[in-house]
2 protein chains.
Amino acid sequence: MPASSKPAVKRPRASGRITLQEVAEAAGVSPITVSRALRGERAVAAELVERVRQAAEQLGYVPDPAARALASSRSSHVGVLIPLLSNALFVDLLDAIQRALLPAGYQTLIGVTHYDPAEEEALLRSYLLHRPAGLIVTGFDRTPVARKLIEASGVPCVHVMETVAEAGVYSVGFSQAEAGEAMTAQLIEQGRRHIAFAAAQLDPRTLQRAEGYRRAMQRAGRAPREWLNPQRSSLALGGQLFEQILHEAPEIDAIFFNNDDLAQGALLAALRLGVHVPAEIAVAGFNDLTGSDQMLPPLSTVRTPRSAIGREAARMLMSLMRGEAVPEPRLDLGFEIVRRGSS
Amino acid sequence: MPASSKPAVKRPRASGRITLQEVAEAAGVSPITVSRALRGERAVAAELVERVRQAAEQLGYVPDPAARALASSRSSHVGVLIPLLSNALFVDLLDAIQRALLPAGYQTLIGVTHYDPAEEEALLRSYLLHRPAGLIVTGFDRTPVARKLIEASGVPCVHVMETVAEAGVYSVGFSQAEAGEAMTAQLIEQGRRHIAFAAAQLDPRTLQRAEGYRRAMQRAGRAPREWLNPQRSSLALGGQLFEQILHEAPEIDAIFFNNDDLAQGALLAALRLGVHVPAEIAVAGFNDLTGSDQMLPPLSTVRTPRSAIGREAARMLMSLMRGEAVPEPRLDLGFEIVRRGSS
DNA sequence: CTGAAAGCGCTTACAG
DNA sequence: CTGAAAGCGCTTACAG
């Protein structure tokens, strides 16, 4: 075991933390070599790598994220921007992202934008100061400034929920419009003649689903009937919309709700009002959220692959962060129509 | 505008970032003074503070978190450990925490423990490496090692959901046992004779509620009847428990569920089975989650102040992080019994 | 394949 | 109340 030939380092350090320096002394190499060996950079002799690794393990060395960030101008943080935490959809997405990123040593910084572009911009600014290693953002609807911020930062970024084919843009999701179209088409096929589309929140993805609904209706030669409410989505609002539609358009024989919470609320309202689903009116939702299969009748809906989206987005991002090429920058994970008792 | 008398700094910096140095030159003071002025440390002349502030603003200076963390061995991160993201309770808690911490310049690091002490310990280790400015953790049920880690780190820590009176321990929450007791007492008062307690997950707070239930039953001279299921809480499980209780103990005339999702599931099962609530059997829940007021009949429950808990915990933590004394280290925010149609 | 030097951008004592 | 010096613990070019 060769003793270090370096001049004695001034101990003790204030922090009480094991440093790279100490590992280097223990392994009898220079700090840079330790740094390289531990980060798995090529260009280090296998024998040295082993020696360094053992010394590090024995001393219980763990790199200091702050020092690393300062020196490399890149942290181990990944910023994740989602619209809402109160929609189970995004909770599932987040959970999958964290599950993939954490074991790889990345910390997740969760930012909730409340569907507000200004809030998103502010969060982005704040995150970018921390020189994140990567970014995951929801959809493509943001201010030009926010777009510029992302681009100018050079930080790898993956977009989730929607996809787009554009050079240099990475996205994992599914076609919201096609999903809206498919559910509508199925209701038509099942013999429904007057199908309404009801939505809240009216975010971009909601409007894409509406677009799909319209396409299906037009193809079938039917006039679309839409109830679009800008309020927050909720069970209570679903019940209100249900009553409103019944009242304003008694001929409607099916309602396609933009989110399961609305549809669940409608189902409960139907029970309260004594309206029979699906005999008198069919109800369909979107996302297949918790409880939809427990409703009375169980809710027909569109199952969306948010866990897979989270996992794949995290994987794609990790490739980008390692500087690897991503062969498939646009990943469409599809969706599934789940027919249950309500339609 | 006094020109700097310092030797020319080697420009250009790689990062393209405005530094403290540059602000110092612009303001004609030393970097340390800028640092002090911007952090609002006393002991800087008011006139200089103003001059520095203006220079900083004009240059668009923002401190580098990594450099700051390295130099001060304290980051601007606050680690928040919660059991689950899929329980709306914790989402509300988180939202309130973020809302309080973000404007103050703290970044939230959210760790999901899945009720697993080993996972919590691992997260804690990982967070502590980042030298967080503060920590918010759920309850008091953790491994001795985890406890030691927190204590030894010296990082300010606030416990949420439960409270305890112990020197040096900070907590914001309410008495889970009293809440359980109060709801049970109310059911007894309303004339229910055979009250069951049904729970899932069986985390410490659940067991405390059970304890409260037992106390109320014993005080009324009734034998407690408990259905404790270790599975994850869900609507579906609530339905199952409901059927099971009906089957195993037909004399039961009220069920107190440990969480609203179980109770909601029970209500739906009752509808399905044609069991009349509350005439045949009363149902009560806990937490007053989304949708409980929309049920058929609307669910009686215990409203818990998780948003207030999040907000107050964040405030308490900020005091601690600033090194201020906290006069009230134990904050009991109470609860509220909400009687609706189901009991 | 390995290392000596410099530097990332701040803050912490220590003086005065 | 202000500053010069040193250092936090890494990594980035630059040599060899």
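The values are calculated or read from the model by the stated rules, or taken from the named source; none is laboratory data. Model, not experiment: these values are computed from the prediction. Every residue, glycine among them, receives a Cβ derived from its backbone with ideal geometry; neighbour counts consider all protein chains shown. Side chains are part of the model used for accessible areas, which takes the heavy atoms of the whole protein and leaves out ligands, DNA and RNA. Shrake-Rupley method; radii C 1.70, N 1.55, O 1.52, S 1.80 Å.
A few points about this structure:
- Label spacing, shortest first and in nm, from residue B:249 to its equivalents in the remaining copies (7 angstrom along Cα→Cβ): 5.0
- Placed amide H near residue A:302: partners under 5 Å, 5+ positions off or other chain: A:285, A:286, A:287, A:288, A:338
- Helix axis angle, A:235-248 relative to chain A longest principal axis, alpha carbon, degrees: 30
- Principal semi-axes in Å for the protein assembly as shown [√(5λ), Cα gyration tensor, largest first]: 49, 33, 24
- The local environment of residue A:117, defined by Cβ-Cβ distances under 9 Å, has a net charge of -4 under the rule Lys, Arg +1 and Asp, Glu -1.
- Under 5 Å from the amide H of residue B:138 lie the amide H atoms of B:81, B:160, each residue being 5 or more positions distant or on a separate chain, with H modelled from the backbone and absent for Pro and chain starts.
- In nanometres and ascending order, the distances from the residue A:104 label point to those of the other copies are 3.3 (point 7 Å from Cα along Cα→Cβ).
- Computed over every Cα-Cα pair of segment A:176-303 and binned at 10 Å starting from 0, the pair-distance distribution P(r) comes out as 14, 52, 32, 2 percent.
- From phi via Karplus (6.51, -1.76, 1.60), per-residue ³J(HN,Hα) for segment A:313-320 in Hz, x at Gly/Pro: 5, 5, 5, 4, 4, 5, 4, 4
- Shown for segment A:85-101: residues covered by the partner protein chains by 30 Å² or more of accessible area relative to the chain by itself (probe radius 1.4 Å), namely A:85, A:91, A:95, A:98.
- Burial of accessible area (probe 1.4 Å, heavy atoms of protein chains only) in segment B:231-272, relative to its chain alone, reaches at least 20 Å² for B:235, B:236, B:268, B:271, B:272.
- Sequentially through segment B:256-265, phi angles give Karplus couplings (6.51, -1.76, 1.60; θ = phi - 60°) of 9, 8, 6, 8, 4, 5, 4, 5, 4, x Hz, Gly and Pro residues having no value and appearing as x.
- Under Karplus coefficients 6.51, -1.76 and 1.60, residue-wise ³J(HN,Hα) of segment B:227-233 in Hz, glycine/proline x: 10, 10, 10, x, 5, 5, 5
- Per-residue mean of C-beta atoms belonging to partner chains within 10 Å, peptide A:71-78: 3
- With protein chains left intact and a 1.4 Å probe, residues in chain B average 44 Å² of accessible area per residue.
- Taking every DSSP bridge with both residues inside the protein assembly as shown, close to 10 percent are antiparallel.
- For segment B:26-120, alpha-carbon Rg and Dmax in angstrom: 18.7, 55
- Per-residue mean of foreign Cβ neighbours for A:109-120 is 2 (Cβ atoms of other chains, 10 Å radius).
- Scattering from chain B was approximated by placing one identical point on each alpha carbon and applying the Debye formula without solvent; log10 I(q)/I(0) at 0.12, 0.13 1/Å stands at -0.87, -0.96.
- Amide proton proximity set for residue A:225, modelled H, under 5 Å, gap of 5+: A:197
- Summed buried accessible area for B+A [probe radius 1.4 Å, Å², rounded to 100]: 3500
- Total charge dipole magnitude, segment A:20-63, about the Cα centre, Cβ charges on Lys, Arg, Asp, Glu only, Debye to nearest 20: 180
- The residue A:228 and residue A:194 beta-carbon pair, evaluated with R₀ = 22 Å, returns a calculated FRET efficiency of approximately 0.80.
- Label distances, nm, residue B:39 versus same residue in remaining copies, Cβ-directed 7 Å point: 2.8
- Of all DSSP beta bridges in chain B, antiparallel share, percent nearest 5: 10
- Gyration tensor verdict on segment A:52-103 (Cα atoms; rounded if a/c is under 1.5, prolate if a/b is larger than b/c, oblate otherwise): oblate
- Surface composition of the protein assembly as shown: carbon plus sulfur atoms hold 52% of the accessible area, using a 1.4 angstrom probe and ignoring ligands, DNA and RNA.
- Gain in span if fully extended, residue B:211 to residue B:153, counting 0.36 nm per residue against the direct Cα distance: 17.5 nm
- Report summary: the helix-based calculation at 222 nm, which adds -39500 (n - 2.57) for every DSSP H run with n ≥ 4 and divides by the residues of chain B, gives -13500 deg cm²/dmol.
- Against chain B, whose longest principal axis comes from its Cα atoms, helix B:176-189 is set at around 30 degrees.
- Crossing angle, helix A:204-219 versus chain A [Cα axis fit, 0-90 degrees, rounded to tens]: 40
- Its alpha carbons considered, segment B:29-76 gives a radius of gyration followed by a Dmax of 11.2, 30 Å.
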